[in-house]
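**Q** First, the structure itself, so that you have it in front of you.
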Amino acid sequence: MRWMLVASVVVGCGVSLCKDQPISPVVIRGPAVIESRLPNGHRSSGGNLAQFAYPAEITGYGEDGEHIKTIEFVPDHMLAAFDGQLLGGDRGEWGGELVFRDKHAVIHRILEHNVLAIIRMPFGIAVFTGLAHMGMSKGAIYVIRQEGRQSPRASLLHELSGAPSDIEWTVDNDLVFTVQPDMRTKRDFFSLSPSECHLLDKKGELRTLSCALITRR
């Protein structure tokens with residue numbers, strides 16, 4: 001985690017971000033996404049996830065046009081929920097998804113986005129998605145819920161100005177994270193925009209804040 005504890009201008013409201021700024025320091029207690037290296041090189045939120053591999057499609061392009069390859073993909077993230085498992089994949093520019101593996105080991109596709117984190121919160125299960133590649137950066141937060149016996153469904157909670165990273169718990173059990181905004185113009189393509197810092201609270205509300213307010217206990 002590399003929080004920049006320097007003088008910082010408070011970021012203004014963006015899409016879905018129009019709450020009051022926290023004015024006191026935000027103290028973090030540790031990472032919300034714990035990554036461990038598996039033998040096949042994939043990341044995990046804990047434990048060997050090879051037993052939860054699921055079919056995933058990779059789209060490529062050649063001289064003969066588009067071609068689709070199906071692979072058995074070991075998920076990068078897993079959270080036990082809804083009497084099954086939520087599984088997330090992040091293959092960078094090659095895509096990603098969120099799927100639900102029910103108690104009968106049947107796979108249900110929920111989202112077609114790169115999954116960066118699956119985190120249980122008081123308001124529901126938050127899924128962070130995003131991709132930063134070749135000057136482009138996009139991201140969002142979804143909430144996953146289940147109604148009755150139906151498969152879990154995703155609802156957009158917040159759009160983000162770029163891909164989220166460095167997701168950490170605060171001592172108040174909120175989440176803070178950074179976003180690298182999208183490069184808006186060709187002139188800015190080869191230069192990084194200043195990172196933004198955000199806080200997702202226990203109610204699901206999203207606030208921007210000065211990165212200088214974030215400290216470690």
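**Q** Residues that are assigned to a strand (DSSP E or B) and in contact with a helix residue (DSSP H, G or I) (Cβ under 6 Å, 6 or more places away or on another chain): does segment 58-75 have at least one?
**A** Checked segment 58-75: at least one residue is assigned to a strand (DSSP E or B) and in contact with a helix residue (DSSP H, G or I) (Cβ under 6 Å, 6 or more places away or on another chain).
**Q** Look at segment 61-81 and say how many of its residues are at pLDDT 70 or above, surrounded by fewer than 18 Cβ atoms within 10 Å (Cβ to Cβ) and either on the phi > 0 side of the Ramachandran plot or not charged (D, E, K, R) (or both).
**A** Quick first cut of segment 61-81, residues at pLDDT 70 or above only: 63-81.
Now restrict to residues that are surrounded by fewer than 18 Cβ atoms within 10 Å (Cβ to Cβ): 63-72, 80-81.
Now restrict to residues that are either on the phi > 0 side of the Ramachandran plot or not charged (D, E, K, R) (or both): 65, 67-68, 70-71, 80-81.
Qualifying residue count for the region: 7.
**Q** Residues to consider are H158, H198; find the one that is in a strand (DSSP E or B), touching a Lys or Arg at 6+ places or on another chain (Cβ under 7 Å), farther than 25 Å from Q51 by Cα and touching a residue at least 24 places away in the same chain (Cβ under 8 Å).
**A** Selected residue: H198, the only one of H158, H198 that is in a strand (DSSP E or B), touching a Lys or Arg at 6+ places or on another chain (Cβ under 7 Å), farther than 25 Å from Q51 by Cα and touching a residue at least 24 places away in the same chain (Cβ under 8 Å).
Conditions tested, residue by residue: (1) assigned to a strand (DSSP E or B); (2) farther than 14 Å from F177 by Cβ; (3) among the hydroxyl-bearing types (S, T, Y).
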{"site": "I110", "(1), (2), (3)": "yes, yes, no"}
{"site": "H113", "(1), (2), (3)": "no, yes, no"}
{"site": "A126", "(1), (2), (3)": "yes, no, no"}
{"site": "G130", "(1), (2), (3)": "yes, no, no"}
{"site": "A140", "(1), (2), (3)": "yes, no, no"}
{"site": "V143", "(1), (2), (3)": "yes, yes, no"}
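**Q** Still on this model: Could you grab me the full set of residues in segment 110-160 that are more than 17 Å from G89 (Cβ to Cβ) and of a type in the set (D, E)?
**A** E147, E159
Results for (1) within 20 Å of I28 (Cβ to Cβ); (2) at pLDDT below 95; (3) of a type in the set (D, E, K, R); (4) exposed (fewer than 13 other Cβ atoms within 10 Å of the Cβ), shown as yes or no for each residue.
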{"residue": "S165", "(1), (2), (3), (4)": "yes, yes, no, no"}
{"residue": "R187", "(1), (2), (3), (4)": "no, yes, yes, yes"}
{"residue": "S193", "(1), (2), (3), (4)": "no, yes, no, no"}
{"residue": "E205", "(1), (2), (3), (4)": "yes, no, yes, no"}
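**Q** If you don't mind, another one. Here are R149, R153: which of them is modelled with pLDDT of 95 or more and among the charged types (D, E, K, R)?
**A** Values: R149 fails: modelled with pLDDT of 95 or more.
Only one candidate qualifies: R153.
To keep it simple, each residue is scored yes or no on (1) crowded, with 20+ Cβ neighbours inside 10 Å; (2) of a type in the set (V, I, T).
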site: R109; (1), (2): no, no
site: H113; (1), (2): yes, no
site: M121; (1), (2): no, no
site: T129; (1), (2): yes, yes
site: A132; (1), (2): yes, no
site: E147; (1), (2): no, no
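The values are calculated or read from the model by the stated rules, or taken from the named source; none is laboratory data. No experiment lies behind these values; they were computed from the predicted model shown. Cβ: placed from backbone, ideal geometry, glycine included. Neighbour counts: every protein chain shown.
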